[in-house]
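Report on one structure; see the data block that follows.
The values are calculated or read from the model by the stated rules, or taken from the named source; none is laboratory data. These numbers come from a predicted model, not from an experiment. Quick reminder, even Gly has a Cβ in these numbers, built from the backbone with ideal geometry, and neighbours come from all protein chains shown.
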Amino acid sequence: MARAFLIVMDSVGAGGAPDAARFFNGAVPDEGANTLAHIAAACAAGRAEAGRSGPLRMPNLDRLGLSAAVGLASGAAMPGLGAVPQGLWGAATEVSKGKDTPSGHWELAGVPVPWDWHYFPDTRPAFPADLMAEVARLCGAGGTLGNCHASGVPIIEEHCAEHMRTGWPICYTSADSVFQIAAHEGTFGLDRLLKLCRDIAPRLHAMRVGRVIARPFTGGPGSFRRTGNRHDYAIAPPAPTLCDWLAGAGRKVHAVGKIGDIFSMRGISDLRKGADAALFEHLMALAASAEAGSLTFANFVEFDTLFGHPRDVSGYARALEWFDDRVGEFLALLKPGDLAVFTADHGNDPTWTGTDHTRERVPVLGWGRGAKALGHVAFTDVAASVAAHLGVPSQGPGRSFL
C-alpha cells in the first residue's frame, strides 16, 4: 500500500498571488513580493554572502520543478536555477482571507477558512483592558507587559528584566491573528506559561483569534534565548481535514513539527517536535519506517521564524540550501509507490518591507509520480491529491492533480 509525505516549507512563497494588493506590511501592499525569486536574485547579485556565497543552490528541488513553479506562479526567474522538471510541478493559490499558518495549512489539508480572522490594532495598547486583566488573574500576576505589536526578540529584550523582577507575562501580537505570551522558564515557569496560554485560549478563539502562542525563554537581559518549548494553542479547524479523513479510514498520520498544534491534534496519530535539524531526522526516520497507507505531515518553520520575519536574506538562503541538501538524502530513502509533496503555506519575503508574512502563491512539487506539469492548482487540491494517492475519499472541495 502506498505512503505519502506532505512537507510544508513554512513561508517559502513563489510570488504572484492575484489578491496580494489587498494584504499589507504596514502601509505597503504585498503586490510584487516573491520570497524565492527575490532570494535567488539577491544571491546572484552577491547580496547574500553571510555564511554562504554565490548563486542560490537548490539542485534537488529544482530537478522536481522549483524554478519552473516560480515562473508559473509569478513570471519571475530564479537566477542560478532552471533545471528541466523531472517531478510534479505547479503553483497553488490560496482563497482563505489570511496569510497565516492556520489558514494555509487548513486549506492545504482541504478546508478553506470560512470566516474573517480577528486582528488586533497596531496601537498601544493593542489589547482590551478586560483581556489583560484576565491574563493577569489567570496566572496570579499583578499585571502584564508589552500589550502591542512586536517581534519576539525585541519585545523580550525590552521587558526581560522587568518580567523577571515582577513575574508579569509579556503579551504581544503581530499582523497575524495571534496572541503571544513570552515568559521565562525559570522565574515564571514553563508549566505555568503553558497553563496560562491553555486557559486563555478559549476566550481568544471565541474572538476568532487563530492562535495563542506560548513563547518561553531562558537566560537574562542581553543574553536570553528562546527555547524549543514553544506551543501553539490553535482554534480547531471548522470541518474535518485530510488528517481526519485518513484517521477515519484507519490510517496513521505522523505529525512532524507544528502540525499537531495547527490541527489541535485532530486526526493525528503521533507527534515529533524540535528544531528543524531535529525535525529532518524525524522525517528521515519516518521515510524508513512509516507504515503502508500512512501520511507523514511535516512543517519546517525556521525559514519563517528565524529568517523571514527578521528579514535575513543570507540566513534564508542558507536554510534553503541546507534543506535542499537534506531533500536529496530523504528522497533516496523513499520506496516505490511513495508520494512526496513539497509546498508552502504563505510567503515571507526577506527582501520586503516590514516584518510580516507576504501574500504569495506557493510552489507544489512532487516526487513519485513521474514528470508532470500541474499548472495552477488550489491549495485544497493538495489534500485531494494526497487522499487519492492513499486511496481514501476526499471530503473537501479540492480535485486531485495526480
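Here are some notes:
- Residues that are in a loop (DSSP other than H, G, I, E, B) and closer than 14 Å to F342 by Cα, drawn from region 57-81: M58, G65
- Note on region 361-381: among residues that are part of a strand (DSSP E or B), surrounded by 24 or more Cβ atoms within 10 Å (Cβ to Cβ) and of a type outside the set (K, R), the one that is farthest from the chain's Cα centre (by Cα) is G366.
- Enumeration of residues in region 193-245 that are touching a Cys at 6+ places or on another chain (Cβ under 6 Å) and buried (at least 20 other Cβ atoms within 10 Å of the Cβ): L196, V212, A214, Y233
- The set of residues from region 108-149 being hydroxyl-bearing (S, T, Y) and either in contact with a Phe, Trp or Tyr (Cβ under 7 Å, 6 or more places away or on another chain) or closer than 21 Å to P202 by Cα (or both) comprises Y119, T144.
- Residue match in region 264-272 (condition: in contact (Cβ under 8 Å) with a residue 40 or more places away in the chain and either under 20 Å from the mean Cα position of the chain (by Cα) or at positive phi (or both)): no
- Among the residues making up region 25-42, those that are over 21 Å from the mean Cα position of the chain (by Cα) and within 21 Å of L72 (Cα to Cα) are A41, A42.
- Scanning region 82-112 for residues that are in a loop (DSSP other than H, G, I, E, B) and either surrounded by fewer than 22 Cβ atoms within 10 Å (Cβ to Cβ) or not aliphatic (A, V, I, L, M) (or both) yields a count of 15.
- Complete set of residues in region 133-156 that are surrounded by 13 or more Cβ atoms within 10 Å (Cβ to Cβ) and either under 24 Å from the mean Cα position of the chain (by Cα) or closer than 24 Å to N25 by Cβ (or both): G146, N147, C148, H149, A150, S151, G152, V153, I155, I156
- Of all residues in region 335-360, those satisfying the criterion of being among the polar types (S, T, N, Q) and buried (at least 22 other Cβ atoms within 10 Å of the Cβ) are T343, N348, T358.
- Residue within region 343-351 that is part of a strand (DSSP E or B), out of contact with any Asp or Glu (no Cβ under 6 Å at 6 or more places or on another chain), at pLDDT 95 or above and under 30 Å from V28 (Cβ atoms) present: yes
- Residues of region 278-297 that are surrounded by fewer than 18 Cβ atoms within 10 Å (Cβ to Cβ) and under 20 Å from R215 (Cα atoms): A278 alone.
- Segments classed as strands (runs of 3 or more DSSP E), wholly inside region 225-293, with at least 2 members that are at pLDDT 95 or above: 253-256, 270-272
- Restricting region 3-41 to residues that are at pLDDT below 95 and of a type in the set (G, A, S), the residue that is surrounded by the fewest Cβ atoms within 10 Å (Cβ to Cβ) is A27.
- Restricting region 113-122 to residues that are in contact with a His (Cβ under 9 Å, 6 or more places away or on another chain) and touching a residue at least 12 places away in the same chain (Cβ under 8 Å), the residue that is surrounded by the fewest Cβ atoms within 10 Å (Cβ to Cβ): D122
- Residue in region 262-277 that is farthest from T227 (Cα to Cα), counting only those that are exposed (fewer than 15 other Cβ atoms within 10 Å of the Cβ) and aliphatic (A, V, I, L, M): A277
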